[in-house]
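A.B. asks: After the structure tokens below, expect a handful of questions from me.
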Amino acid sequence: MARRSGCGIPALFVLILVVVGGWSGYWWYLSNQIRSQLTATGARLEAAGWTVDHAEPRIAGWPFRFHVTLNDLTVTGPSGHGVRTASLEAEANAYGIDHWVLVAPEGLELGRGSKGWVSVQGFALRASATDLLQRPPRLIVEFVQPRFVPTEGSQPFPITQAERLIINLVPQPDQPNQAGLLFDLTNATPRPGGVLASMSEQRPFYLSAEAVIDHTEALSGGTWRQALTGWSQAQGALTEVRLEATAGEDFVRGQSPRLTADANGRIQGSLATELRGGTAPLAGLAQAPGVDPRAAAAVTLGAQLTSGFRGETELTLNFTNGRTVIGPVSLGPAPRLY
């Protein structure tokens, strides 16, 4: 009877060592690439006028994951908008580093330009980013049970807390250079005495907005203003726009086939709206910055005469020449994208 060779087991060990060694080398190579990309991205932002500061990145997760931790992170644009957090954690599979999940376990602060900073704490503050080489990538931001508190010296924030906040940016696979945008705010508590408190009659409210962004290939630049300016000059537009805000059984709905931005970043186009449950949203506009209180009162009175105090009203908001106009009445400046 022939004796079985014993060289099979050592050969298996050698094969395992080769595979483990090769994978480990690949993992360490990618970890160095991630570190280099972080440095290069920070340098590009700083060259464009941003402030980027954080502790030395920590990369762990061998063998099958990458877990990146950035402590004491601050990213602020020239306009003063940005984010800062004590710790940002990002994780991806080693065999799929084009999909990252980010978490701010200790909360974060959002910069609002001249309005200052607002602290955000919650049950979960997370985001995911996929297909990072596309423009735009697929982005999902989710805040679960967020609480908003302005930092010392900052202006008030419109809401104090919410059940959930979701922002989705999803490229359209069948429509190149288009992406769907979704904003969804659930069970939000307005700040007492603020504009939203007046518009919702002190009640928690729900707010959703969706649109399709076209010409996404033109969304590039070192700052938000530069990106949106290039997008606007390339005839970029928001299409299939739908808005809805509800408080109790009352609601405001709006839709527009197309909205664009003028040379000053203000919205152009028209928005057909439907109100049910009264004219409190219109009356609350009188407190909004830049709105003419007398014009808001005139529009509110007109709506009351045509529909009653708790009836239904249909209005068209026209954004033209940098102004928001309802019928013959100019309310104030048109909303600004940048």
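The values are calculated or read from the model by the stated rules, or taken from the named source; none is laboratory data. It should be emphasised that the depicted structure is a prediction, and the values quoted were computed from it without experimental measurement. Every residue, glycine as well, gets a Cβ built from its backbone with ideal geometry; the counts of neighbours run over all protein chains shown. Each accessible area value is taken on the protein alone, full model and side chains, heavy atoms only, with ligands, DNA and RNA left out. Shrake-Rupley method; radii C 1.70, N 1.55, O 1.52, S 1.80 Å.
A.B. asks: Which FRET efficiency value, to the nearest 0.05, do you get for VAL149 and ALA40 by plugging their Cβ-Cβ distance into 1/(1 + (r/R0)^6) with R0 = 35 Å? Mind dumping the intermediate values first?
C.D. replies: On the way: r = 35 Å, r/R0 = 0.99.
In this case the efficiency is close to 0.50.
A.B. asks: ³J(HN,Hα) across the stretch 312-325 via Karplus (A = 6.51, B = -1.76, C = 1.60, θ = phi - 60°), whole Hz, x for Gly/Pro?
C.D. replies: The phi angles translate into 10, 9, 10, 9, 10, 8, 9, 9, 9, 6, x, 10, 9, 10 Hz.
A.B. asks: A follow-up question, please. If you work out percent of Cα pairs over 36 Å apart from the coordinates, which of (1) 53; (2) 32; (3) 16 do you get?
C.D. replies: So the structure-derived entry is (2).
A.B. asks: So how much accessible area does GLU109 have, in Å² to the nearest 10, using a 1.4 Å probe?
C.D. replies: The accessible area comes out at roughly 50 Å².
A.B. asks: Here is a further query. In whole Hz, with x marking every Gly and Pro, tabulate ³J(HN,Hα) for the stretch 329-334 from phi via Karplus 6.51 cos²θ - 1.76 cosθ + 1.60, θ = phi - 60°.
C.D. replies: Result, rounded to whole Hz: 9, 8, 6, x, x, 5.
A.B. asks: Between the stretch 133-178 and the stretch 184-236, how far is it from one alpha carbon centroid to the other, in angstrom?
C.D. replies: So the two Cα centres are separated by 9 Å.
A.B. asks: Which value, in Å² and to the nearest 10, is the accessible area of TRP62 when all protein chains are kept and the probe is 1.4 Å?
C.D. replies: Rounded to the nearest 10, the figure is 130 Å².
A.B. asks: If you place +1 on the Cβ of every Lys and Arg, -1 on the Cβ of every Asp and Glu, and leave all else neutral, what size is the dipole of the stretch 235-301 about its Cα centre, to the nearest 20 Debye? Could the numbers behind the result be given before it?
C.D. replies: Numbers: 6 positive and 7 negative charges, 28 e Å.
Around 140 debye, computed over the stretch 235-301.
A.B. asks: Now for a different question. Output ³J(HN,Hα) for the stretch 143-157: one whole-Hz value per residue in order, computed from phi by the Karplus curve 6.51 cos²θ - 1.76 cosθ + 1.60 with θ = phi - 60°, and x for Gly and Pro.
C.D. replies: Each residue's phi maps through the Karplus curve to give 10, 9, 6, x, 10, 10, 9, x, 6, 4, x, 8, 6, x, 9 Hz.
A.B. asks: 5 Å is the cut-off here: which amide hydrogens, built 1.01 Å from N in the peptide plane, fall below it relative to GLY61, excluding neighbours closer than 5 in sequence?
C.D. replies: The answer is HIS67.
A.B. asks: Something else now. Over the chain, with the other protein chains present, what is the accessible area per residue in square angstrom, probe 1.4 angstrom? Show your work: numbers first, answer last.
C.D. replies: Values: 19130 Å² over 338 residues.
Result: 57 Å² per residue.
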